[in-house]
Structures are given as structure tokens and as C-alpha cells.
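A short write-up of the structure that comes next.
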Amino acid sequence: MSAPVRTLIDEFIESQRRLDTPVARFAAAHDMGAAPRSQLIPLSAPGPGEHYAFQVDLDSCTGCKACVAGCHSLNGLDQGETWRDVGLVLGGSEALPFQQTVTTACHHCEDPACLNGCPVLAYEKDPVTGIVVHLDDQCIGCSYCVLKCPYDVPKYNDRLGIVRKCDLCHGRLSAGEAPACVQACPTEAISIIKVPSATASAGDWLPCAPDPAYTRPTTRYVSRNPLPANLRAADADTLRPQPAHYALVFLLVFTQIGLGLLIASLGAASAGEWLRIAAAAFFTFGLISSVAHLGQPLRAWRVFLGLRRSWLSREAVVLGAAFPLVALAAAGPWLDFLDRQTPLITVAASSVAALGVFCSAMIYIDTRRLFWRPSQSLGRMAGTVLIAALAPLSALAAAVALAAKLTLELSTLRGASSPARLQRGPLRFVVSARLLAAVAAFAALPLLPTPVSAAILVVGELLERTVFFRAVDSPKMPGVPSA
């Protein structure tokens, strides 16, 4: 008999058998009964001043994504939903290049930004284990924790209308079982350790990951070999336009225009009555629009629970308190007992609404993102109020205010930052439309009838606020470049 013909597929399978990978070495050792056994979880609960934490052995991580599959399967996640990701970091030199896969999940931070920003107290940090748990039945789906977390950990679930995230499989840990990702890893690259809570993130942090000083993450990344000084995420240059959040665009623009018109009514004797009505209409529509942003709007009544530490709670409470005052100011002339108090009510409504606008700006400033720094967030929102306040009184003054605001916006187009490159690249059409609307409004203010110029102004502000959300930088753990 002739020998069987070897095909290209046979050669390929044979070459795969000869690969010396960590998985292959582990499998061979396992077959011989000599597989190494490490301690994947602590044998005792954390003591005083200790917390559980992930430890990732970079030398053992192969990027196989078994941890991703294990987490997805055990937690019953939806299709496309992941609580653990695998990224890539690069470095070294042309002569000695360096490449390493990195597995990441929630870091169960000592000072978790998600917990601090949640308006409904849907996050808890276990005082014994240090695990940060999300309470699904408390969540209203506002996604503010997504904006607050610098590691892109909380993920919004469209089907459920809430945010979910890794909870370190705390139920399994309490029963002496390893978390899904730990148990699934074939090379034991992930383990659970106990760390002193006071020194979390003091060392063993991934150099190219977001600054740990903000939230003090507890995850430890260890390697027996020194990492290159020029280590960077493989997707560091990837541009990721962010969601537009149109409901928030309408909330911010319309409440701020409403405040501006309310202020203008104090200086417009003849048109004051109609300006207050327009202000109430804008303000009301803005507040109603905000509900569309929530995944669970029927739970929105809980928004006051985080008043002590969440700027989102403060915004909701203060703008909610301003609404009846704005309505009374608009209705004053038709209510005999309020007619004489209308100016006083208008001042009170303007003051409370102005505080609400300040809270709106602080929501985004508090995320510590470059594009939402105080000069941009406060400047843009105060600019909208100022333009709306001046437009009914002086077209020239409103045009000057618009020019100043546009100068502030244009300053973000320069440089190599992610927001600048986003505006010059994927978002250039939206930015161009904003600039055209601003130029048209600048020309229309002194030339066209008030309703026409006002409509152009409103469209321009809506476009500006869309850019405000879409062009923001999005810090995250290292990933892989998109196709």
C-alpha cells in the first residue's frame, strides 16, 4: 500500500502541535500529571484593612479570551455584553519590540467614581471584602457611572435599560469558589489576592492605563520582567466618537435658553410677559426631554437619594425646584394675586435656575475628562444663557457674546488630543454645521426678524451641544485597534 498523501492541512495541524505556548506547556504537564497548582483565591476572608483584588500575571496571559467567555457564560450576559475585556499593549524598540496581551475587568477601586457619581445609590462597596457591587434593581439607567469611570467598566444594557458590571463573582467567593474568569483561565494568569486597602494601587499598576490616583484601583499587574518605558495601548490612537445623548442635548440647551429668556424679561418692559412665557416653554420642554435619557424612567423619583455626593442628583433637584418658579413667573400677569410679585418671582426663578445650570456644568467637570474641563463646560453653558439673555435686548451684544463663545469652541480644534482629532476627523461634518449655523446666526441677529434669528441660534446651540457629547475623550483600559 502506498503511504497516505499529506496535505497542506495536515502540515498545518502538525505545526500547531509543535507550538510551544503557555497553554501547550500546561496541557503537556497536565497529561503527565505534573501540572503546577497555584493558589487562585485566598484561603481566608480579608482581615481588618484588607480587601480582595484581582492580580494579573502578565507573563502568563496569552490573550485567549477564555476569561471573557467564562465570565459571559457564568453571568448569563446578553449577546455583545462583556464585563471582562482583553487588550494589547506595545512598546520596546525596533530591534527588541514588545507586545503583551492584558486582561481587564472592574478594579473595585478604593474610591470608586461610579459609586460617588450615582444619583440613586445603585452602587455599594462591601466594607469587608472591598468589592464594588452594582444594585440592578436600584439603577435608573442614567449611565452617569459610565461617564465617571475612567476605565470603561460599567456597561449599559439596552434590553434591561440599566447598567451592569463585574462584581468579582462575590457569591462564588463567599462559597469558596474562584470567580468565573479566574477558573476559566488555562494558564492561571488571573488570581484573587488580598491587598492592604490603604495602599491600593501604590504599585503594580499598568503604566499605560489611566492614572490610578483618581479612583485608586486595587487590581495588581505583575511581571517578572521589566516593562518598557514607552509602553502604550495598541488602540491609543483609535478615535471613538461618543454617544450624542440627544435627550441631554435638549435638556441642557433648552433649560439654559429658558434661563436666558427669563433674565431678559427683567429688562424688557413691553415684551417681558411673552419672554417669560417662552422661557417657561423652553424650560418645560428641556425637563421633559431629560426623561427620555433614562433606561428606567419610572424609577426616576429616586434621583434625590444621591444628593449628598452626586452632581446629577443636585441638578435634578435644583432644576426641578426651579420649574414651579418659572411657571409662576410666566403665569403671574394672569393671576391677580401674583401680578405685583412677578418681578420678584422672576428673580427667584432665575437664581434657582442659574444654580441648576451650574450643577449641569459640574456633572461633566466632575468626570475629569479633558474636553469637559471647567473652562469648556461652564463657558459653553454660561455662553448659551448669555446669548439667550442678550438676543431680545440687543442684537449687537448677542452677536458679540456668540463670537466669544465660538472662539472658546474653536480653541478645542487645535492640537493632537483625542477631542481635537475627533472634531477634525469623524465629527467634521457636525462641527462644520455648527460653524455654519453660528456664522448664519451672527449675520441674522441684526438683519432678520427675531423669530428667524432665534431659530438659527437654537439650531446652532443644539449642534454645539451635540459636539460637546460626541467629541469628549473616552479614557479606558488598553484595547485592540478597531478594524
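Of all residues in the stretch 66-119, those being small (Gly, Ala, Ser), closer than 30 Å to residue 159 by Cα and without any contact (Cβ under 8 Å) to a residue 40 or more places away in the chain number 2. Just one of the listed residues (340, 308, 314) is without any contact (Cβ under 8 Å) to a residue 12 or more places away in the chain and within 30 Å of residue 148 (Cα to Cα), and it is 308.
Conditions (1) in contact with a Phe, Trp or Tyr (Cβ under 8 Å, 6 or more places away or on another chain); (2) outside any loop (DSSP other than H, G, I, E, B); (3) surrounded by fewer than 16 Cβ atoms within 10 Å (Cβ to Cβ), marked per residue:
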| residue | (1), (2), (3) |
| --- | --- |
| 218 | yes, no, no |
| 225 | no, no, yes |
| 228 | yes, no, no |
| 238 | no, no, yes |
| 241 | no, no, no |
| 255 | yes, yes, no |
| 259 | yes, yes, no |
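Of the residues making up the stretch 461-483, just one is free of Cβ contacts under 8 Å to residues at least 40 places away in the same chain and within 17 Å of residue 245 (Cα to Cα), namely 463. Go through (1) among the aliphatic types (A, V, I, L, M); (2) modelled with pLDDT of 95 or more; (3) surrounded by fewer than 24 Cβ atoms within 10 Å (Cβ to Cβ) and name the single condition residue 202 misses. For residue 202, the failing item is (2). Anything in the stretch 368-397 that is crowded, with 23+ Cβ neighbours inside 10 Å and in a loop (DSSP other than H, G, I, E, B)? List them, or say none. 391 - this is the single residue of the stretch 368-397 that is crowded, with 23+ Cβ neighbours inside 10 Å and in a loop (DSSP other than H, G, I, E, B).
Being within 16 Å of the chain's Cα centre (by Cα), in the same structural domain as residue 181 (by TED's automatic domain parsing) and assigned to a strand (DSSP E or B) is true for just one of 151, 156. Which residue is that?
Numbers: 151 fails: assigned to a strand (DSSP E or B).
Answer to the selection: 156.
Within the stretch 171-199, the set of residues being over 24 Å from residue 60 (Cβ atoms) and either at pLDDT 95 or above or surrounded by 16 or more Cβ atoms within 10 Å (Cβ to Cβ) (or both) comprises 197 only. Count of the stretch 144-175 residues, restricted to those that are over 17 Å from residue 477 (Cβ atoms) and in contact with a Leu (Cβ under 9 Å, 6 or more places away or on another chain), is 6. Filtering the stretch 212-249 to residues that are more than 17 Å from residue 61 (Cβ to Cβ) and among the small types (Gly, Ala, Ser) leaves 213, 229, 236, 244, 247.
Counting only helices (runs of 4 or more DSSP H) that fall entirely inside the stretch 1-102 and contain at least 1 residues that are surrounded by 14 or more Cβ atoms within 10 Å (Cβ to Cβ) and modelled with pLDDT of 75 or more, the qualifying elements are 66-74.
Would you mind stating whether residue 172 is outside the structural domain of residue 122 (by TED's automatic domain parsing) and not aliphatic (A, V, I, L, M)?
Working: outside the structural domain of residue 122 (by TED's automatic domain parsing): no; not aliphatic (A, V, I, L, M): yes.
Spelling it out, it is not the case that residue 172 is outside the structural domain of residue 122 (by TED's automatic domain parsing) and not aliphatic (A, V, I, L, M).
Whenever a residue of the stretch 431-443 is in contact (Cβ under 8 Å) with a residue 24 or more places away in the chain, its partners that are assigned to a helix (DSSP H, G or I) and acidic (Asp, Glu), lying with C-beta atoms within less than 7 angstrom and at least six residues away or across chains, give the pairs 434/464.
Return the only residue of 411, 453 being closer than 24 Å to residue 248 by Cα, surrounded by 21 or more Cβ atoms within 10 Å (Cβ to Cβ) and outside the structural domain of residue 145 (by TED's automatic domain parsing).
Values: 411 fails: surrounded by 21 or more Cβ atoms within 10 Å (Cβ to Cβ).
The unique qualifying residue is 453.
Given the criteria within 30 Å of residue 90 (Cβ to Cβ) and either modelled with pLDDT under 95 or surrounded by 21 or more Cβ atoms within 10 Å (Cβ to Cβ) (or both), does residue 471 qualify? It is true that residue 471 is within 30 Å of residue 90 (Cβ to Cβ) and either modelled with pLDDT under 95 or surrounded by 21 or more Cβ atoms within 10 Å (Cβ to Cβ) (or both).
It is to be established whether one or more residues within the stretch 326-336 are over 37 Å from the mean Cα position of the chain (by Cα) and not in a helix (DSSP H, G or I).
Initially, the stretch 326-336 is screened for residues over 37 Å from the mean Cα position of the chain (by Cα), giving 331-336.
Filter once more, keeping what is not in a helix (DSSP H, G or I): 335-336.
There is at least one residue in the stretch 326-336 that is over 37 Å from the mean Cα position of the chain (by Cα) and not in a helix (DSSP H, G or I).
Kindly indicate which of 321, 330, 349, 361 is closer than 24 Å to residue 143 by Cα and surrounded by 20 or more Cβ atoms within 10 Å (Cβ to Cβ).
Only one candidate qualifies: 361.
Taking (1) part of a helix (DSSP H, G or I); (2) touching a Cys at 6+ places or on another chain (Cβ under 7 Å) in turn, residue 302 satisfies each apart from (2).
Rundown of residues vs (1) assigned by TED's automatic domain parsing to the domain that holds residue 99; (2) touching a residue at least 24 places away in the same chain (Cβ under 8 Å), yes/no style:
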{"position": "185", "(1), (2)": "yes, yes"}
{"position": "196", "(1), (2)": "yes, yes"}
{"position": "212", "(1), (2)": "yes, no"}
{"position": "222", "(1), (2)": "yes, yes"}
{"position": "238", "(1), (2)": "no, yes"}
{"position": "253", "(1), (2)": "no, yes"}
{"position": "270", "(1), (2)": "no, no"}
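Of all the criteria given as (1) crowded, with 20+ Cβ neighbours inside 10 Å; (2) in contact with a strand residue (DSSP E or B) (Cβ under 6 Å, 6 or more places away or on another chain); (3) closer than 19 Å to residue 84 by Cα, the one not satisfied by residue 147 is (2). For the stretch 306-317, check the following and say yes or no: at least one residue is assigned to a helix (DSSP H, G or I), on the phi < 0 side of the Ramachandran plot, in contact with a Ser or Thr (Cβ under 7 Å, 6 or more places away or on another chain) and not acidic (Asp, Glu). Taking every residue of the stretch 306-317 in turn, at least one turns out to be assigned to a helix (DSSP H, G or I), on the phi < 0 side of the Ramachandran plot, in contact with a Ser or Thr (Cβ under 7 Å, 6 or more places away or on another chain) and not acidic (Asp, Glu).
The values are calculated or read from the model by the stated rules, or taken from the named source; none is laboratory data. Everything quoted here is computed from the prediction, not taken from an experiment. Methodologically, a virtual Cβ is constructed for each residue, glycine included, from the backbone with ideal geometry; neighbour enumeration extends over all protein chains shown.
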